[in-house]
1. Evaluate the distance, in nm, between pseudo-label points positioned 7 Å from the Cα of residue 180 and of residue 155 along their respective Cα→Cβ axes.
2. Can you tell me the order of 151-157, 60-66, 110-116, 17-23 when each peptide is scored by its average per-residue count of other Cβ atoms within 10 angstrom, highest first?
3. 7 Å from Cα along Cα→Cβ at both residue 145 and residue 28: what's the point-to-point distance in nm?
4. Enter the Cα centre distance for the pair the stretch 39-79 and the stretch 87-130, rounded to the nearest angstrom.
5. How do 215, 181 rank when sorted from fewest to most other Cβ atoms within 10 Å of their own Cβ?
6. Which of 89, 177 has the fewest other C-beta atoms within 10 Å, and how do the rest follow up to the most?
7. Within 10 Å of each residue's Cβ, count the other Cβ atoms and sort 29, 149 from fewest upward.
8. Classify the stretch 27-167: rounded, prolate or oblate, from the alpha-carbon gyration tensor (a ≥ b ≥ c, eigenvalue square roots; a/c under 1.5 rounded; otherwise prolate if a/b is larger than b/c)?
């Protein structure tokens, strides 16, 4: 494996050249992921559409995640696999921007959907009530909001707030994490906070309340069983 390093006032470029076998191993792995992801995610989506008994609100979130996975498997991974076989990015500047936008947007959308699932579980367990239960149109709107959120955050580099560029092995594209301009740094911070840190805090907070309530319920049940046992003796 060879590497090169180039530094200027605003950017640091790091390039890695892998061995031929390494590129082919990566390509084979990516092809496997693409085929498996397409089949498995497609099967879940098909089952949800085909069988009405599984069309629950909880499963709508699962299907939304599978849709993200299906798009990644069909629109993201194959381009990287083809580039790995050729040892270089094949699809030009426009293809790089599109590739980075799709993967970034879908990745953020998936994290947002996991946050929505945590919110749904919180309502179902902590706020258990018919008045608090999410309705189908509300779940659909929440999923649409997650996709919109991911798309908007991923759109900014196309509008010159940071940029998408080839990653160090030149087989895929992502945010230019190495650029040191103010625009790139502020976007990277925004993306890390809005796309990862904030959702993670929400997920952890909501599930902690769910776990706390379940633990209290188990403790109360245990105490009740002890009282019943003692009363009978």
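1. Placing both labels 7 Å beyond Cα along the Cβ direction yields 3.3 nm.
2. 110-116, 60-66, 151-157, 17-23
3. 4.6 nm
4. 13 Å
5. 215, 181
6. Lowest count first: 177, 89.
7. By the 10 Å Cβ count, ascending: 29, 149.
8. Cα axes put the stretch 27-167 in the oblate bin.
Read-outs: derived from the displayed coordinates by stated rules, not from any lab. These numbers come from a predicted model, not from an experiment. As a convention, Cβ positions derive from the backbone with ideal geometry for all residues, glycine included, and neighbour counts pool all protein chains shown.
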